[in-house]
Amino acid sequence: MNNRKKQRLPEFDYSAPGAYFVTICVQGMQCCLGNVTDGNMILNDSGVIVQNSWLDLPNHYSNCNLDEFVVMPNHVHGILNIADISSANVGNGFKPFPTQHGLPEIIRGFKTFSSRRINEINTELPFHWQKSYYDRVVRDEKELQLIREYIVNNPLRWELDKNDKDINGNKLFE
């Protein structure tokens with residue numbers, strides 16, 4: 001029997017328009033995406049691939065808009081905005097309606113795209129993300145601003161990272 005803690009809000013539609021704060025960790029919390037030096041994140045080749053994979057998400061998911069994002073040595077923080085495209089113009093009427101992709105599908109795509117590219121350049125040590133990820137549905141503009149500040153300042157807080165908590169005091173890494 002699987003006793004994994006449920007990560008998602010029960011009965012919440014994760015394809016609903018809105019802002020979502022996500023944290024995705026490298027398996028085993030291995031620091032393999034770069035280093036923090038003097039409060040600045042210096043990406044290595046794997047970190048650049050992760051950053052580019054994130055920035056490329058809107059090219060794969062038409063309802064995905066990006067907000068603040070940071071790659072850290074062993075995790076990423078980002079805000080994804082899911083737009084409502086159900087009423088978007090579909091052109092000449094022969095094209096299918098755009099798909100309203102949900103957060104789990106977008107995150108799955110990000111993990112797949114980035115892992116595959118990293119493993120193409122690094123064949124000695126396979127790269128993997130942790131199975132799940134942390135998410136928070138952003139409730140209002142004030143919370144959005146606090147999360148943005150948290151993301152932007154994350155490299156400055158790297159030394160405190162092992163005790164990292166979200167804006168509500170919940171541990172991000174257990």
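The values are calculated or read from the model by the stated rules, or taken from the named source; none is laboratory data. What you are looking at is a predicted structure, and each value in this text was computed from that prediction instead of being measured. In this analysis, Cβ positions are derived from the backbone assuming ideal geometry, glycine residues included, and neighbour counts consider all displayed protein chains. All accessible areas refer to the heavy atoms of the entire protein, side chains included, with ligands and DNA or RNA removed. Shrake-Rupley method; radii C 1.70, N 1.55, O 1.52, S 1.80 Å.
Among the residues making up region 25-50, those that are of a type in the set (V, I, T) and over 17 Å from the mean Cα position of the chain (by Cα) are V36, T37, I42.
Filter region 135-174 down to the residues that are aliphatic (A, V, I, L, M) and not in a loop (DSSP other than H, G, I, E, B), then identify the one that is modelled with the lowest pLDDT. Going through the qualifying residues, I end up with L160. Taking the criterion of being of a type outside the set (S, T, N, Q), free of Cβ contacts under 8 Å to residues at least 24 places away in the same chain and either part of a strand (DSSP E or B) or within 21 Å of R116 (Cα to Cα) (or both), the residues of region 33-68 that qualify are I42, V48, L55, P58, L66.
Checking each residue in region 35-52 for being surrounded by 18 or more Cβ atoms within 10 Å (Cβ to Cβ) and either among the aliphatic types (A, V, I, L, M) or modelled with pLDDT under 95 (or both) picks out V36, M41, I49, V50. Across region 113-124, the qualifying residues are those that are touching a residue at least 12 places away in the same chain (Cβ under 8 Å) and not small (G, A, S), and the one among them that is least open to solvent (accessible area, probe 1.4 Å) is I118. Checking the stated criteria, L55 turns out not to satisfy the condition of being at pLDDT 95 or above, within 30 Å of T123 (Cβ to Cβ) and in contact with a Pro (Cβ under 7 Å, 6 or more places away or on another chain). Does S115 satisfy the criteria of being at pLDDT 85 or above and either in a loop (DSSP other than H, G, I, E, B) or of a type in the set (V, I, T) (or both)? No. In the set (1) over 17 Å from the mean Cα position of the chain (by Cα); (2) assigned to a loop (DSSP other than H, G, I, E, B), the condition left unmet by S132 is number (1).
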